[in-house]
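In what follows, a single structure is set out as structure tokens and then discussed.
The values are calculated or read from the model by the stated rules, or taken from the named source; none is laboratory data. As the structure is a computational prediction, the values presented were derived from the model and not from experiment. In this analysis, Cβ positions are derived from the backbone assuming ideal geometry, glycine residues included, and neighbour counts consider all displayed protein chains.
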Amino acid sequence: MGSGRVENPIIVIPARLAALRLPAKPLADIAGVPMIVHVWRRAMAAGIGPVVVAAADRAIAEVVESAGGRAVLTDPDLPSGSDRVWQALGTVDPDGRHDVVVNLQGDLPTLEPALIRRALDPLADPAVDIGTLVCRIADAADRERPSVVKAVVGWGENQVGRCLYFSRAPVPTGDGPLWHHIGLYAYRRAALGRFVALPQSALERREHLEQLRALEAGMRIDAAEVDTVPLGVDTPQDLETARRLIAGEHAS
């Protein structure tokens, strides 16, 4: 799907208010700033290209725009963040100037900007459709925890390897490290268009992992290794952790 060089990336952050475990979490206050604005700032700091928030709700768009960012409203009934990213991309870049689209979750307020840049590295290989990230699992409990998604990776050079499967189970078996998949994706534009047009796959439904749809369709996902897992804010406890971390950054 195109050359291996990434010419002109764009970052799109899908966000919606209707979260079951933490309602209205994009607007949650962290050090006086809504969470979605923290994520937008981290994306801007990555310095790889423009950043757009794909907002399912006007309230999200308003806080992003008041912070100086760009937001576009998307259909609130879209089934996934990937669909939201694709719709927003068609609005902000109908002529296809951006050849790579980074899908960055809106609940990563402490994300290191370098991780966003790292997700582009797998796309140096022209055979790769989607780049993503993994981190070695250090905590034994995380090996068994279904919420920690594991990637089975065939490693190549430069700590980049081909993703062969993703599971909530501790795979592969046998001795050796397990890899925590970080849900940040760098899609070639054509690959994202193909992905959102595909129906849900059997393995995707079974594991509740959207990325398996791409693998079942024969798309290639490669992962770059990183040494940290960003905090995803899904619960009130996660939110308090994010508040402590960001307060610590501001104090240092």
Does region 126-171 hold any residues that are modelled with pLDDT under 95 and at positive phi, and which are they?
Asn158
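Picking from Gln237, Gln211, Gln200, which residue would you name as being touching a strand residue (DSSP E or B) at 6+ places or on another chain (Cβ under 7 Å), within 23 Å of Leu20 (Cβ to Cβ) and not assigned by TED's automatic domain parsing to the domain that holds Asp95?
Being touching a strand residue (DSSP E or B) at 6+ places or on another chain (Cβ under 7 Å), within 23 Å of Leu20 (Cβ to Cβ) and not assigned by TED's automatic domain parsing to the domain that holds Asp95 holds for just one of Gln237, Gln211, Gln200, which is Gln211.
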Of all residues being touching a residue at least 60 places away in the same chain (Cβ under 8 Å) and out of contact with any strand residue (DSSP E or B) (no Cβ under 8 Å at 6 or more places or on another chain) in region 36-53, which is nearest to Pro94 (Cα to Cα)? Just the residue, please.
Gly47
Kindly evaluate Gly90 against the criterion of being small (Gly, Ala, Ser) and surrounded by 16 or more Cβ atoms within 10 Å (Cβ to Cβ).
no
Filter result (touching a residue at least 60 places away in the same chain (Cβ under 8 Å), loosely packed, with under 14 Cβ neighbours inside 10 Å and in a helix (DSSP H, G or I)) within region 194-244
Pro236
List pairs: first residue in region 78-98 and in contact (Cβ under 8 Å) with a residue 24 or more places away in the chain, second residue basic (Lys, Arg) and crowded, with 19+ Cβ neighbours inside 10 Å anywhere in the structure, Cβ distance under 7 angstrom, at least six positions apart or on different chains.
Gly96/Arg189; His98/Arg189
Selection from region 13-47 of residues part of a loop (DSSP other than H, G, I, E, B) and either touching a Lys or Arg at 6+ places or on another chain (Cβ under 6 Å) or basic (Lys, Arg) (or both) yields Arg16, Ala19, Arg21
Options Leu164, Leu133; residue that is under 24 Å from Asp83 (Cα atoms), hydrophobic (A, V, I, L, M, F, W, C) and either touching a Leu at 6+ places or on another chain (Cβ under 6 Å) or surrounded by 19 or more Cβ atoms within 10 Å (Cβ to Cβ) (or both)
Leu133
Restricting attention to region 105-140, the residues that are of a type in the set (A, V, I, L, M, F, W, C) and over 18 Å from Asp227 (Cα atoms) number exactly 5
Looking at this structure, is Arg145 in contact with a His (Cβ under 9 Å, 6 or more places away or on another chain) and of a type in the set (Lys, Arg)?
no
